[in-house]
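Step one of this worksheet: look at the structure below.
The values are calculated or read from the model by the stated rules, or taken from the named source; none is laboratory data. Just so you know, these numbers come straight off a predicted model, no measurement behind them. All Cβ positions, even for glycine, are placed from backbone atoms using ideal geometry, and neighbour counts span all protein chains on display.
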Amino acid sequence: MTLRLRTRAFRVEHATIGAALLRPYWKRYDATLADTLGWSLSIACSEREFDGESWQPEFNFERFALPVERWWDLEQLTTSVEGGTAYVVGHGPVGRTELSFGQRRGSSLQLTCRGECDVDWDDEFGRGVPYTIETRVQFEGIRVVGTSTDDDDSLRAFLQAHFQLDGLRETACEESGTPARSKEKMIAKLFLPGRVARAGRSPS
């Protein structure tokens with residue numbers, strides 16, 4: 001599992017992908033929230049030292065859409081995302097990045113990322129530095145957030161209106177705090193990866 005940042009290589013320590021779905025009520029506090037699932041991808045690498053400076057790259061992509069109806073539909077999907085951020089020796093933007101998901105094994109998938117990011121270190125590692133990441137990414141599940149009027153049944157129905165529940169196991173909903181400027185409580189429910197069955201194949 002490796003990140004190649006132009007001529008420099010780093011070992012990928014962990015990579016996770018998941019999604020969140022929030023009731024429209026919460027858009028009054030964050031107008032950027034989408035009406036559908038917002039996916040997040042996080043990739044963190046091991047530390048190396050170059051020119052007396054510690055380099056420990058981390059890439060994050062937040063609230064992007066994916067054309068899937070079930071989580072295992074990620075397998076063999078190729079798409080692109082915009083607006084990520086990278087931390088190498090400082091924070092910088094990530095340009096358009098291609099995501100290519102490969103074979104699934106359990107709740108993890110092979111993933112290749114290709115794109116460019118800003119490092120702002122020197123002439124070689126300045127703006128638009130090409131990178132490639134080859135790793136396995138762990139699907140962590142889907143977090144559904146409602147209000148105090150919600151319960152397990154209503155949050156399940158809310159997710160089911162946007163996404164198929166096959167291959168997901170649910171936890172009981174619980175209170176998740178009260179955001180600043182709001183008197184309304186957040187009620188959250190997690191849907192975690194479960195067993196997946198396909199026609200002609202055993203559950204895995």
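Here are the numbers for this structure:
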item: Within region 18-51, considering residues that are among the hydroxyl-bearing types (S, T, Y) and at pLDDT below 95, the one nearest to Q138 (Cα to Cα); result: T36
item: Region 121-150, residues that are of a type in the set (D, E, K, R), touching a residue at least 24 places away in the same chain (Cβ under 8 Å) and loosely packed, with under 14 Cβ neighbours inside 10 Å; result: E124
item: Strands (runs of 3 or more DSSP E) lying entirely in region 1-119 (those with 2 or more residues that are more than 17 Å from the chain's Cα centre (by Cα)); result: 2-5, 8-22, 48-50, 53-55, 91-94, 97-105, 108-117
item: Residues located in region 1-46, provided they are touching a strand residue (DSSP E or B) at 6+ places or on another chain (Cβ under 6 Å) and among the charged types (D, E, K, R); result: R4, R6, E13, R23
item: One residue from A172, A157 being out of contact with any strand residue (DSSP E or B) (no Cβ under 7 Å at 6 or more places or on another chain), part of a loop (DSSP other than H, G, I, E, B) and either closer than 27 Å to L74 by Cβ or modelled with pLDDT of 95 or more (or both); result: A172
item: Unique residue being aromatic (F, W, Y) and without any contact (Cβ under 8 Å) to a residue 40 or more places away in the chain when the list is F64, F50; result: F64
item: Residues located in region 88-113, provided they are more than 22 Å from G167 (Cβ to Cβ), modelled with pLDDT of 95 or more and crowded, with 16+ Cβ neighbours inside 10 Å; result: V94, T97, C113
item: Flag if T78 is of a type in the set (S, T, N, Q) and either loosely packed, with under 15 Cβ neighbours inside 10 Å or in contact (Cβ under 8 Å) with a residue 60 or more places away in the chain (or both); result: yes
item: Number of the exception - K185 against (1) touching a helix residue (DSSP H, G or I) at 6+ places or on another chain (Cβ under 7 Å); (2) surrounded by 14 or more Cβ atoms within 10 Å (Cβ to Cβ); (3) farther than 30 Å from C45 by Cβ; (4) not hydroxyl-bearing (S, T, Y); result: (1)
item: In region 151-169, the residues that are without any contact (Cβ under 8 Å) to a residue 12 or more places away in the chain and within 10 Å of R70 (Cα to Cα); result: none
item: Output for region 40-72, where each listed residue is surrounded by 16 or more Cβ atoms within 10 Å (Cβ to Cβ) and under 15 Å from L111 (Cα atoms); result: S40, L41, S42, I43, A44, C45, F59, F61, L66, W71, W72
item: Single residue of region 120-141 satisfying the filter (among the hydrophobic types (A, V, I, L, M, F, W, C) and not in a strand (DSSP E or B)) that is nearest to G167 (Cα to Cα); result: F125
item: Count - residues of region 90-104 that are over 12 Å from D118 (Cα atoms) and either among the hydroxyl-bearing types (S, T, Y) or in contact (Cβ under 8 Å) with a residue 24 or more places away in the chain (or both); result: 7
